[in-house]
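Have a look at the structure below before the remarks.
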Amino acid sequence: MSVRVLPDFLINQIAAGEVVENPASVVKELVENALDAGADQIVIDVVDGGRTLISVVDNGRGMVRDDLAKSILRHATSKLPDDDLTNITYMGFRGEALPSIASVADMTIDTYNSADEHGWQLNATTGQIKPSDWDSGTRIRVENLFARTPARLKFLRGDRAELMSVLDIVKRLAMGRRDVGFVLNNKWRFPKQQDLLERMAAVMGDDIIGRMLEVNAKSESGDLSLYGFISEPTLRRASSVDQFLFVNGRPVKDKVVVGALRAAYMDVMHAREFPLCALFLGLDPRHVDVNVSPAKTEVHFLEPSHVRAFIIKHLRAKLAETMNMSDGQTGIHTDTFHQMNIPASVSNNFDFAKKSSVMSVNSPNRNTKDFYAKPSGQQVSDFSINEIVVDKNNVATVDDAFCDMPLGRAIGQIGDKYILASGGDNLIIVDQHAAHERITYERIRTHAIKVQPLLTPIVIDMREEDVTAVMTVVDELKVSGLVLDAFGDNAIAIFEKPADWDLNWAELLHSIADEVRENGHSVQLNEKLHLKLANWACHHSVRAGQKLDLNQMNALLRDIENTTRGGQCNHGRPVYKIIPISELDVMFERS
Ligand code: ADP
Ligand code: MG
């Protein structure tokens, strides 16, 4: 095959692969263009999650006919006037967005620039330009996204999920430009000329009010500046959805900045909790390369460790200040939270109560024993050491046979904690509590979750984006025994829940929403389920310190052998150790 230069439509589709990933990336490119055109009011509409229509209308300076024609050519841009890639001050600069979008969708541009007598309309598919009565700014309509590239279409998620990503992008852009007004689907409004705190409340939710700390710092040499707000340690989310980071005004998710933020909170926040922030890092554009990825969320710093140290130093200083003031009432949470390894926002943050009207009040400390019912109707709480004792009459006869079993035959107990057994040529030492815990856990895990329909649904008020987020995982939640549905735009109603399991559902759903908005899925409920099972198993297991007779010991050994992952307890500690006789020989200097 001979070498050939690819035709333009293919080159554009390839570029689109990088630039146009989903409706949110289209919105990002179009809104950035509107900002670059000097708009201070941007109206975005997205139909069917962006599949059918994405429309962005701005009141910027528009384009004259000639520029309109060139705008959809590859690498055509008005934004690198001095051809200097080291000094990029506009959001765009690659001249890639419009041709890329046009290659994977039907695009129409209406625009008016005051140098022309009237407006113009461009059909990007045919390349035709005709006069129009459009008389202010620009409107770009993108229809039938990916209709020509069915493989890409398949990767789009549900309409709700795509809309959520669009909202997230709009929020990021709106946070960066408080001077500009943004409206999405006539529903989410971020008015122009808000101050940073007002904007943060509009974007992140009212629960931040009064709980953000202002940061305003300059490096000694004056080469770096940092401005914005970070959350008190007690205010946190289950994902990084509400972390807004900017480098020279450009929204980034850069690992240097994100890492510095995490490091600053290291002592006051669990690794799986996320502070909220809107932080603006400023530095000489020549000291940062924004030309890294087409989506431009990563940047390269000339001196990353300098930047990192600067951010950590000032954030830590701010956090330390508040700790002194609040007399120990900071977000440093108890050991329990660390042990339980769940975001404290789930268990420790009472603020959600304020924004939630929970019609049925849950009592968190109710007895949870009969949460998992055996299919026979027998309750799991019946599990006890008695149940795993095999019939005593059988034991004597099978005792010798035990020698051939992997964990052997019980010989005795040490310290009422460890079971000693002999099996083949091995000495086996079993941690009796860890062993029983493992067995109990596996048993209850295999029982179906009993679901309890609620006479009065629990209604939880949430912001629309959180409702939307939770609704995208509604089927997964159902599998875990939580049946819910949207209740209007701003609430969720829970109709069925796992029986006898009372959690603060408002907190749980908010954490699920945080996670979904960031990662597209949530592990919150499953993790809680796991924790619950593990704790239950722990409390209903043979304790260290309990005397066992040989029959009970043998029964326990047999049960471990039959248990999935019997070698580790639910907290990851070993259940047993096998010491081969050869090791004993070494100990006794027999080899
Ligand atoms: P880039 O933004 O990197 O220059 P684009 O493909 O996004 O590349 O846009 C190409 C050109 O089209 C821009 O440089 C700009 O001159 C013009 N343009 C795009 N959108 C608008 C708009 N909303 N208002 C005015 N001009 C625009
Ligand atoms: Mg652009």
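The values are calculated or read from the model by the stated rules, or taken from the named source; none is laboratory data. Computed from a prediction, not measured in an experiment: that's the story for all the values here. We place every Cβ from the backbone using ideal geometry, glycine too, and count neighbours over all the protein chains shown.
Some points to look at:
- Qualifying residue in the stretch 508-527 (condition: at pLDDT below 70 and in contact with a helix residue (DSSP H, G or I) (Cβ under 6 Å, 6 or more places away or on another chain)): no
- For Gly181, the conditions (1) at pLDDT 95 or above; (2) closer than 30 Å to Gln13 by Cβ are fulfilled apart from (2).
- Residue selected from the stretch 455-494 under the condition modelled with pLDDT of 90 or more and surrounded by fewer than 15 Cβ atoms within 10 Å (Cβ to Cβ), by the criterion nearest to Lys528 (Cα to Cα): Asp485
- Residues in the stretch 401-420 that are within 14 Å of Asp549 (Cβ to Cβ) and in contact with a Phe, Trp or Tyr (Cβ under 9 Å, 6 or more places away or on another chain): Arg409, Ala410, Ile419.
- Checking Val27, Val31 one by one, the residue that is within 15 Å of Gly137 (Cβ to Cβ), within 13 Å of ligand 2 (Cβ to nearest atom) and either among the acidic types (Asp, Glu) or part of a helix (DSSP H, G or I) (or both) is Val31 and no other.
- Enumeration of residues in the stretch 189-241 that are basic (Lys, Arg), part of a strand (DSSP E or B) and crowded, with 21+ Cβ neighbours inside 10 Å: Arg236, Arg237
- Strands (runs of 3 or more DSSP E) fully within the stretch 401-470 counting 3 or more residues that are of a type in the set (Gly, Ala, Ser): 418-423
- Looking only at residues of the stretch 243-261 that are free of Cβ contacts under 8 Å to residues at least 40 places away in the same chain and under 15 Å from the mean Cα position of the chain (by Cα), we find that the one that is surrounded by the fewest Cβ atoms within 10 Å (Cβ to Cβ) is Val258.
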